[in-house]
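The values are calculated or read from the model by the stated rules, or taken from the named source; none is laboratory data. Small disclaimer: the values here were computed from a predicted structure and weren't measured. Neighbour counts run over all protein chains shown; Cβ positions are idealised from the backbone, glycine included. Areas reflect the complete protein model, heavy atoms only, side chains present, ligands, DNA and RNA absent. Shrake-Rupley method; radii C 1.70, N 1.55, O 1.52, S 1.80 Å.
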Amino acid sequence: MKKLVLGLCAVCLAMALVACSGGGGMADGTYTAKSDEAFAADNHGWTDQLTVTYQGGKITSASYESVNAEGLMKSQATFEQYPMEYSPSEWIPLINSNVVAAGTSAKVDNVSGATNASDSAKALLAGIEKDGKAGETITVQIPATK
């Protein structure tokens, strides 16, 4: 009986070590999520997209972008095209860095001056974590911000 209890304890310990080692994370690959049409309508026609790459269960790269119906990317928009004091070319790279640093949607820090975009990136990452499949693009419903 003593050997059985010790054996069960050893199995439980081994399972706990595997769980802590990141074995339960996302499979290696590149995942993409984009916002739904309702979000774009509420977001002045801009569709948000996030692409992340996982290696070893961790995010190794992130690319967040917002594109309008004409194909203009916010990160390349001039002030006349997207009148915001804090240029998207400045805050979009920060969002990407925050996604990589956090590794999970629950821990992504907002970028000051780009709260709505930060929240969108979190929602897209949460969608990837929930329903993402490597190599595919999923559509995520993002609540309107008012």
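Applied to the range 94-111, the Karplus parametrisation 6.51 cos²θ - 1.76 cosθ + 1.60 on θ = phi - 60° returns per-residue 3J(HN,Hα) values of 5, 4, 4, 5, 5, 5, 5, 5, 6, x, 8, 4, 5, 10, 5, 7, 6, 9 Hz, with x for Gly and Pro. In this simple spin-label model, placing a label point 7 Å from the Cα along the Cα-to-Cβ direction at both Thr115 and Thr60 gives a separation of 3.6 nm. Counting 0.36 nm for each residue step from Asp42 to Ser87 and taking away their Cα separation leaves a gain of 14.2 nm. Restricting the chymotrypsin sites (Phe, Trp or Tyr not before Pro) of the range 61-146 to loop positions (DSSP other than H, G, I, E, B) with no more than 13 neighbouring Cβ atoms within 10 Å leaves Phe79, Tyr86. Estimated at 0.36 nm per residue, the fully extended path between Asp28 and Lys107 surpasses their Cα-Cα distance by 26.4 nm. Note on Met73 and Lys133: the extension gain reaches 19.1 nm, defined as 0.36 nm multiplied by sequence separation minus the Cα-Cα distance. Going by accessible surface with a 1.4 Å probe and the largest first, Lys130, Lys34 read Lys130, Lys34. The accessible surface of the range 31-104, taken with every protein chain in place and a 1.4 Å probe, is 50 percent carbon and sulfur. The loop-placed GluC sites (Glu not before Pro) in the range 62-140, going by DSSP, that have at most 12 neighbouring Cβ atoms within 10 Å of their Cβ come out as Glu70, Glu80, Glu85, Glu136. Stokes-Einstein diffusion for the range 52-121, with the hydrodynamic radius set to the Kirkwood value over Cα pairs and evaluated at 37 °C in a medium of 0.692 mPa s, equals 258 µm²/s. Please list, or write none, the aspartates and glutamates whose alpha carbon is within less than 19 Å of the alpha carbon of Lys74, excluding same-chain residues fewer than 8 places away. In chain and number order, the partners are Asp36, Glu37, Asp42, Asp48, Glu65, Glu85, Glu90, Asp119.
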